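This report refers to the structure that appears directly beneath it.
The values are calculated or read from the model by the stated rules, or taken from the named source; none is laboratory data. Remember, it's a predicted structure, so these values are computed and weren't measured experimentally. Because the Cβ atoms are built from the backbone with ideal geometry, glycine has one as well, and the counts that use them run over all protein chains shown.
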Amino acid sequence: MQLQKEASENSVNIKSYQAGEIRLNIGCFNQVVFLVNGDKKVFAGAKSFVELSFEDLKGHLIEQPEIFIIGTGEQHQLLSPKITQQINAMGIAVEAMASRQACHTYQVLTFEQRRVYALIYP
C-alpha cells in the first residue's frame, strides 16, 4: 500500500505498510516502530501487541500527545479497556487499529500538524 508524499525532509514518514514490514523514509523495519511527532524512537516494551501493558506505555507518554495510535499488526485487535481507560485518564485519546490503517491515520494527523504518537506492530 502506498501512502501520501512526504511533507517534510526532516521528519520520519511512513512510506508503505505490508504484513510484517513497515517502510519509512529512513529504512524498512520488521519490528515494532514507535513514532513521536515525526521522529522514530526506541520502544523497549512488549514485542507483540497481545503482550502490551500500560506499564510498557506510560513512560513513553510523559510528553502527552494529543492522540496515540496503536497499530495491532495485520489484523485489527481490541486494546484492553483497562489500558484505554488508563491512557484516557492521562488526557490522551488512544485508538487501536490494524497497522495498515494506523500508518495511514498517523500520516494524515502529522500532515495536519497534530501532536500524535504511533506504536505500530508489523
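Within region 90-100, identify whether any single residue is in contact (Cβ under 8 Å) with a residue 24 or more places away in the chain, in a strand (DSSP E or B) and within 20 Å of G27 (Cβ to Cβ), and answer yes or no. No, region 90-100 contains no residue that is in contact (Cβ under 8 Å) with a residue 24 or more places away in the chain, in a strand (DSSP E or B) and within 20 Å of G27 (Cβ to Cβ).
Considering (1) surrounded by 14 or more Cβ atoms within 10 Å (Cβ to Cβ); (2) in a loop (DSSP other than H, G, I, E, B); (3) modelled with pLDDT of 95 or more; (4) not acidic (D, E), the lone condition that S11 does not fulfil carries the number (3). Taking first residues from region 13-32 that are on the phi < 0 side of the Ramachandran plot and without any contact (Cβ under 8 Å) to a residue 12 or more places away in the chain and partners that are surrounded by fewer than 17 Cβ atoms within 10 Å (Cβ to Cβ) and not polar (S, T, N, Q), the Cβ contacts under 7 Å between residues at least 6 apart in sequence or on separate chains come to C28/E21. Does K47 fit the bill of being of a type in the set (D, E, K, R), surrounded by fewer than 14 Cβ atoms within 10 Å (Cβ to Cβ), touching a residue at least 12 places away in the same chain (Cβ under 8 Å) and closer than 13 Å to L119 by Cβ? For K47, the condition - of a type in the set (D, E, K, R), surrounded by fewer than 14 Cβ atoms within 10 Å (Cβ to Cβ), touching a residue at least 12 places away in the same chain (Cβ under 8 Å) and closer than 13 Å to L119 by Cβ - is met.
Selection of region 50-75 for residues being in contact (Cβ under 8 Å) with a residue 24 or more places away in the chain and either surrounded by fewer than 18 Cβ atoms within 10 Å (Cβ to Cβ) or among the basic types (K, R) (or both) yields V50, S53, F54, K58, E63, Q64, E66, I67, E74. Filtering region 76-89 to residues that are assigned to a loop (DSSP other than H, G, I, E, B) and either exposed (fewer than 12 other Cβ atoms within 10 Å of the Cβ) or acidic (D, E) (or both) leaves only L78. Against the conditions (1) of a type in the set (A, V, I, L, M, F, W, C); (2) closer than 14 Å to P122 by Cα; (3) in contact with a Phe, Trp or Tyr (Cβ under 6 Å, 6 or more places away or on another chain), I83 satisfies every one except (2). Please indicate, with yes or no, whether at least one residue in region 104-112 is within 14 Å of the chain's Cα centre (by Cα) and over 16 Å from K15 (Cα atoms). No - not one qualifying residue is present in region 104-112.
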